[in-house]
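Novice: Please read through the structure below; I'll follow up with questions.
The values are calculated or read from the model by the stated rules, or taken from the named source; none is laboratory data. Note that the structure is predicted; figures quoted are calculated from it, not measured. Ideal geometry is used to build each Cβ from the backbone, glycine not excepted, and the neighbour counts take in all protein chains shown. Surface accessibility is based on the protein's heavy atoms, side chains included, excluding ligands, DNA and RNA. Shrake-Rupley method; radii C 1.70, N 1.55, O 1.52, S 1.80 Å.
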Amino acid sequence: MTKAESVTRRHLAKQLARTIDITDEKADTMVLAVLGAITEELVNGGFLAISGFGRFETRYKKARIGRNPKTGEDATIPARTIPRFTASKLFKAVVNK
């Protein structure tokens, strides 16, 4: 796979299926279960750390006044919670070779 190609959930499941010799459907279920567990933990306000990979967490951003770049008018940007991923040192080292 080249750098320009993106990996979809299905592609990830197929790679998992080949790696551990299971069906594509079973692998897709496993990928969905992992993603669901990460999402559920973040929704509940927690964090998830995967050793050697990184940490998933949420950050709260308070409401603020922004500016519409097209009209220049002030606009209120509502408060929100955003997901955040921080890569581990080991993961960064592997990616940067």
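Novice: Treating the beta-carbon of each Lys and Arg as +1 and of each Asp and Glu as -1, no other charges, what is the dipole magnitude of segment 42-97 about its Cα centre, to the nearest 20 debye?
Specialist: So the magnitude is around 200 debye.
Novice: Which whole-number percent of Cα pairs in the chain have a distance greater than 21 Å?
Specialist: When every Cα pair of the chain is considered, 58 percent fall beyond 21 Å.
Novice: If you roll a 1.4 Å probe over segment 15-61 with all protein chains in place, what percent of the accessible area is carbon or sulfur?
Specialist: C and S atoms contribute 59 percent here.
Novice: Let me know the charge dipole size of the chain about its Cα centre in debye, to the nearest 20, where only the beta-carbon of Lys, Arg (+1) and Asp, Glu (-1) is charged.
Specialist: 560 debye
Novice: Relative contact order, percent, of the chain when contacts are C-alpha pairs under 8 Å separated by at least 6 residues?
Specialist: Relative contact order for the chain comes out at 19 percent.
Novice: Here's a follow-up. Can you give the calculated 222 nm mean residue ellipticity of the chain, where each DSSP H run of n ≥ 4 adds -39,500 (n - 2.57) and the sum is split over every residue, rounded to the nearest 500 deg cm²/dmol?
Specialist: After summing the helix terms and dividing by residue count, I get -13000 deg cm²/dmol.
Novice: Also, I was wondering about something else. With every protein chain present, what is the per residue accessible area of the chain (1.4 Å probe, Å²)?
Specialist: Value for the chain: 83 Å² per residue.
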